[in-house]
Protein chains: 2
Amino acid sequence: METQFLKWLLPQLNKDHRLEVLPGDDAAVLRFPGGKRTVVTTDLLTESVDFRFSKSSADNDFPPPASAHQVGRKAVAVSLSDLAAMAATPEAIVVSVALPQNGGRRLAEELFKGIQEEVNTFDITLAGGDTNAWDGPLVISVTAIGSILPRQCWRRDTAQAGDFLIVTGPLGGSLLGRHLNVTPRCREATAIASRYPVHAALDISDGLAIDCGRMLTASHVGGTIELDLVPIHPDAISLSEVPHTNQITPLEHAMQDGEDFELLLAMPAEAAQALVQDDPSSLVAKTTMQPRIIGKVTESLDFCSTTPDGQTKRLEPKGFEHVFQ
Amino acid sequence: METQFLKWLLPQLNKDHRLEVLPGDDAAVLRFPGGKRTVVTTDLLTESVDFRFSKSSADNDFPPPASAHQVGRKAVAVSLSDLAAMAATPEAIVVSVALPQNGGRRLAEELFKGIQEEVNTFDITLAGGDTNAWDGPLVISVTAIGSILPRQCWRRDTAQAGDFLIVTGPLGGSLLGRHLNVTPRCREATAIASRYPVHAALDISDGLAIDCGRMLTASHVGGTIELDLVPIHPDAISLSEVPHTNQITPLEHAMQDGEDFELLLAMPAEAAQALVQDDPSSLVAKTTMQPRIIGKVTESLDFCSTTPDGQTKRLEPKGFEHVFQ
């Protein structure tokens, strides 16, 4: 706990009707609407793996360097994305950081501004945190807390054979910069949950193929992705043309790239068809969501892709994974 | 998220009636007893600042090196200590870690065993986490979630002039090893809260002088600590005799050393006297708690120490603080 920083920080925190005890005490006490469940998730980002700061103004490497403000926003956004994947309403976050001793104060302030922007956008409360100094690079961990009515939350392990698979937007190429400007689908998730039956859901953080594989495996089912239905983000096309990356196709980027943070939903066929025909902005004002059916869940445990000419291939669930030995 | 590690981890997690959705999904859903508040706190520990691992068997430096098991336990314990300081009942934790790429798997397992030991001791649930690999040293962040009845929690900013100040055990010298074997006063806190009025509380993590100063400042009051009443831990005496540390007295260790994790309470005089005369084990079976009155809260804003011969001095709130620029 760094007193000078806290003195700067605390007066800036919103008063919030959900906080019975404000940040600055040992813990925050949260007042939730009666009868709701508490939903909690945590994510940690490290400099060099999840983002890097520019060392000079001439730095124009790929992927683009992040500002501390972007890192603050993103650290919150990825945790909120997990709440979206549960259809939970975000309520609060707590944030812990390890800051480099030199320049840490300024970094902390910029981080906080990014965090605060996200807090305001999603009408949540920053309920606490822990600020540490050390001689290493920046590490930031955000725990997000949401609420949901009993038995209303989406799970990843309850997809059913016959369900249609939906993604909420185009995929691939996020490393060109979208990975630093994540919009968690919190409002979209709660709006969809209030109107449509959803059997299973997760957020695509490590890549469509790997994350879809996780949902199907957890649900003890298989599935087929129709490759011509997978919505490809323009960034995936641009990235496939950048010469210094692995030369893979835009479709491969859409299937494998992480950090899209769109939702993958498994829904009964009729509900899925209704959702994609619905006007997204009638669900959530000004949403950028574009739900698309990309395949279906099967009783057979195989996880395959199909092409319009009828070719079927087993899918290798490629994507990002942390590796340690 | 490291799949191999998760496969090893998930089957070991307790089933728990509070978990509507188990770890392994995007977030955990917690079922709390109706009408209670959710209490949340987060702490982050970094290698080199909060602990260090032994690099060789001949390593006998001071402070003693930690095992990963001890780090896991401690990371949980310090967050639970924050819940104790609120008189909240611990319910759940989420844990995020950044692990070195080499040896990270083994480290993660040992960490987890330490975490699990603490989870079992305090009958809480490990509700989720995030496991990351990077090329830096170990960082671990624990968010603890507790419950409490509305308006029952202890705060740090409500000490009242006339209150007696109590510590729950002897202080100082924790760096000799107790800092790696922290016992959060959770059971003691809820037991005291159920039987005695407590006006303010916090856990002594950065040192009695600095933490007491924080309570008094937050409460807009002053206070006096009677130096001959401060219970001095035998470790404070031992540490004062170790030649290669700053040569300070046992009392100075008791006043300044961090990481004791005893509670500091501000209580009405009569209640304080009853608590210290009570048998601690009638409150909590097998507790090591030894509550002692060490001073009182004053209307004057000064924060002073007194000696039996009547000398009064202004107290400098010395103790541990993270510093970054």
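The values are calculated or read from the model by the stated rules, or taken from the named source; none is laboratory data. From a predicted model like this one, the values you see are computed outputs, not experimental measurements. Note that we place each Cβ from the backbone using ideal geometry, even for glycine, and neighbour counts take in every protein chain shown.
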Among the aliphatic types (A, V, I, L, M), within 14 Å of the chain's Cα centre (by Cα) and farther than 26 Å from A:Leu216 by Cα: does that describe A:Val142?
yes
Which ranges mark the helices (runs of 4 or more DSSP H) fully within the stretch B:162-267 that have 1 or more residues being farther than 22 Å from B:Phe62 by Cβ?
B:186-195, B:208-218
Report yes if B:Ser205 is of a type in the set (Gly, Ala, Ser), closer than 18 Å to B:Asn181 by Cβ and at pLDDT below 95, otherwise no.
yes
From B:Leu138, B:Leu176, B:Leu165, B:Leu216, which residue is touching a Leu at 6+ places or on another chain (Cβ under 7 Å) and over 27 Å from B:Phe51 (Cα atoms)?
B:Leu165
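Please verify whether A:His220 is touching a helix residue (DSSP H, G or I) at 6+ places or on another chain (Cβ under 9 Å) and of a type outside the set (Phe, Trp, Tyr), treating the condition exactly as stated. Even if it seems obvious, please write down each step before you answer.
Details: touching a helix residue (DSSP H, G or I) at 6+ places or on another chain (Cβ under 9 Å): no; of a type outside the set (Phe, Trp, Tyr): yes.
So A:His220 does not fit the description; no.
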The correct count of residues that are away from chain B (no Cβ under 14 Å) and either among the hydrophobic types (A, V, I, L, M, F, W, C) or closer than 25 Å to A:Glu117 by Cβ (or both) in the stretch A:191-208 is 3
Tell me yes or no: at least one residue of the stretch A:71-89 is free of Cβ contacts under 8 Å to residues at least 40 places away in the same chain and buried (at least 24 other Cβ atoms within 10 Å of the Cβ).
no
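The rows are residues; the columns are (1) at pLDDT below 95; (2) closer than 24 Å to A:Pro90 by Cβ.
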position	(1), (2)
A:Ala133	yes, no
A:Trp154	yes, yes
A:Thr158	yes, yes
A:Leu176	yes, no
A:Thr190	no, yes
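Results for (1) among the β-branched types (Val, Ile, Thr); (2) over 22 Å from A:Arg73 (Cα atoms); (3) surrounded by fewer than 18 Cβ atoms within 10 Å (Cβ to Cβ), shown as yes or no for each residue.
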{"residue": "A:Arg106", "(1), (2), (3)": "no, no, yes"}
{"residue": "A:Glu118", "(1), (2), (3)": "no, no, no"}
{"residue": "A:Asn132", "(1), (2), (3)": "no, no, no"}
{"residue": "A:Gly136", "(1), (2), (3)": "no, no, no"}
{"residue": "A:Ile140", "(1), (2), (3)": "yes, no, no"}
{"residue": "A:Cys153", "(1), (2), (3)": "no, yes, no"}
{"residue": "A:Asp163", "(1), (2), (3)": "no, yes, no"}
{"residue": "A:Leu176", "(1), (2), (3)": "no, no, no"}
Filter the stretch B:90-104 for residues that are buried (at least 24 other Cβ atoms within 10 Å of the Cβ) and touching a Phe, Trp or Tyr at 6+ places or on another chain (Cβ under 6 Å) and give the result.
B:Pro90, B:Ala98, B:Leu99, B:Gly104
Being over 30 Å from A:Glu270 (Cβ atoms), at pLDDT below 95 and not in a helix (DSSP H, G or I) narrows it down to one residue among A:Gly146, A:Gly128; which is it?
A:Gly128
From the list B:Gly114, B:Gly169, which one is more than 10 Å from chain A (Cβ to nearest Cβ), closer than 30 Å to B:Cys304 by Cβ and either of a type outside the set (S, T, N, Q) or in contact with a Gly (Cβ under 7 Å, 6 or more places away or on another chain) (or both)?
B:Gly169
Scanning for something modelled with pLDDT of 95 or more and surrounded by fewer than 13 Cβ atoms within 10 Å (Cβ to Cβ), does the stretch B:247-255 turn up at least one residue?
no
Out of B:Ile145, B:Ile124, I need the residue that is of a type in the set (Val, Ile, Thr), more than 7 Å from every other protein chain (Cβ to nearest Cβ) and crowded, with 24+ Cβ neighbours inside 10 Å. Which one?
B:Ile124
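Please specify each residue of the stretch A:68-94 satisfying the condition of being farther than 23 Å from A:Arg155 by Cα and at the interface with chain B (Cβ under 7 Å from one of its Cβ atoms).
The first filter runs over the stretch A:68-94 and keeps only residues farther than 23 Å from A:Arg155 by Cα, leaving A:68-74, A:94.
Hit for the stretch A:68-94 is A:Val94, nothing else.
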